[in-house]
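Input: a single structure, listed below in structure tokens.
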Amino acid sequence: MTVFKEPRHAGEFILTEASGHRSREGITIAENQAFEAGTVLALLAQTGGVTTTAKATAGNTGNGALTFGDPSVNSKVKNGVYRATATAETTFSVEDPNGVNIGNATVGAAFNKEVKFTIAAGAAAFVAGDTFEVTVGVESPGDYHAVAHDPDGEDGSEKASAIAIYPAKTGTGQTSKIAAIFRDAEVNGECVAWAEGITADEKASAVADLASAGIIVR
């Protein structure tokens, strides 16, 4: 006997959404993607569209400079102000726009995390409290490409951010655009397409990430 499996229908996971399609955004699907409607998505920043500026905080004792790498960010970068604060003459603690520590930068060595830069020593040594501010401009969702959520990813794909209303398939060097639930919505978790093999803990983390975007999984 032939068994037929009905695919997920476009938007069937949506329980409620804001009026005027405020919950939806047109997003760009990255290359080499193939997923069904209702798939949980992650957003990867595209370095070509991101802007970065840096300035030393007024009152710094040290007079060294911060210069960006090429590219100056990676796909996990967030919109907002990153801060590198000296904890010693040659060490800076780096925080993202949410105040989360993402690592330590050593003077004279490249820092290669969400932001990429090198702090050079100047004639006057740095002291604890000296600070550089790195302002990152990422337009959402315009500066992002969407991929299927991957709990094991390390490039930003591990953070659930949206849900595809329609299926999508792209090849190498190809992108496409679809509508996705991006904010202010309630969705049926039984009708959402989660990553294959996702664990209970990983799903709970993804649900929390979606909630932070205003997407509530019921």
Okay, which of the stretch 161-191 sit inside 14 Å, backbone N to the point 7 Å along the Cα-Cβ direction of Ala34?
168-172
Cα centroids of the stretch 39-102 and the stretch 153-189: how far apart, whole angstrom?
26 Å
Given a 1.4 Å probe, how much area per residue of the chain is accessible, in Å²?
51 Å²
Treat each spin label as a single point 7 Å out from the Cα along the C-beta direction, and report the Ala208 to Glu12 distance in nm.
3.1 nm
Testing the spin-label approximation: label points 7 Å from Cα along Cα→Cβ at Asp152 and Ala88. State their distance in nm.
3.7 nm
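Length gain on complete extension for the stretch Thr67 to Ala124, per 0.36 nm per residue less the alpha carbon to alpha carbon distance? Walk me through the numbers before you get to the answer.
Numbers: separation 57, 0.36 × 57 = 20.52 nm, distance 1.74 nm.
Residue separation times 0.36 nm, minus the Cα-Cα distance, leaves 18.8 nm.
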For helix 200-212, report the angle its Cα long axis makes with the longest principal axis of the Cα atoms of the chain; keep it between 0 and 90° and round to the nearest 10°.
70 degrees
Semi-axes of the stretch 1-76 from the Cα gyration tensor (sqrt of 5 times each eigenvalue, largest first, whole Å) come to 45, 18, 10
For the chain, the accessible surface attributable to carbon and sulfur atoms (probe 1.4 angstrom, ligands and nucleic acids excluded) amounts in percent to 49 percent
Karplus ³J(HN,Hα) for the stretch 151-166 (6.51 cos²θ - 1.76 cosθ + 1.60, θ = phi - 60°; Hz, whole; x = Gly/Pro) runs x, 9, x, 10, 10, x, 5, 7, 9, 5, 9, 7, 9, 6, 7, 10
For Lys113, the lysines lying under 21 Å Cα to Cα, once residues fewer than eight places off in the same chain are dropped, come out as Lys55, Lys76, Lys78, Lys159
Once the convex hull of the alpha carbons of the chain is built, what does its volume come to per residue, in cubic angstrom?
142 Å³
Read phi for every residue in the stretch 83-95 and hand back ³J(HN,Hα) as whole Hz from Karplus 6.51 cos²θ - 1.76 cosθ + 1.60, θ = phi - 60°, with x for Gly and Pro.
10, 10, 10, 5, 10, 7, 4, 10, 10, 10, 8, 10, 10
Do the sum for the chain: with -39,500 (n - 2.57) for every DSSP H run of n ≥ 4, divided by all residues, what is the mean residue ellipticity at 222 nm, to the nearest 500 deg cm²/dmol?
-2000 deg cm²/dmol
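The values are calculated or read from the model by the stated rules, or taken from the named source; none is laboratory data. Nothing here was measured: the structure is a model prediction, and the numbers come from that model. Virtual Cβ from ideal backbone geometry, glycine too; neighbours counted across all protein chains shown. All accessible areas refer to the heavy atoms of the entire protein, side chains included, with ligands and DNA or RNA removed. Shrake-Rupley method; radii C 1.70, N 1.55, O 1.52, S 1.80 Å.
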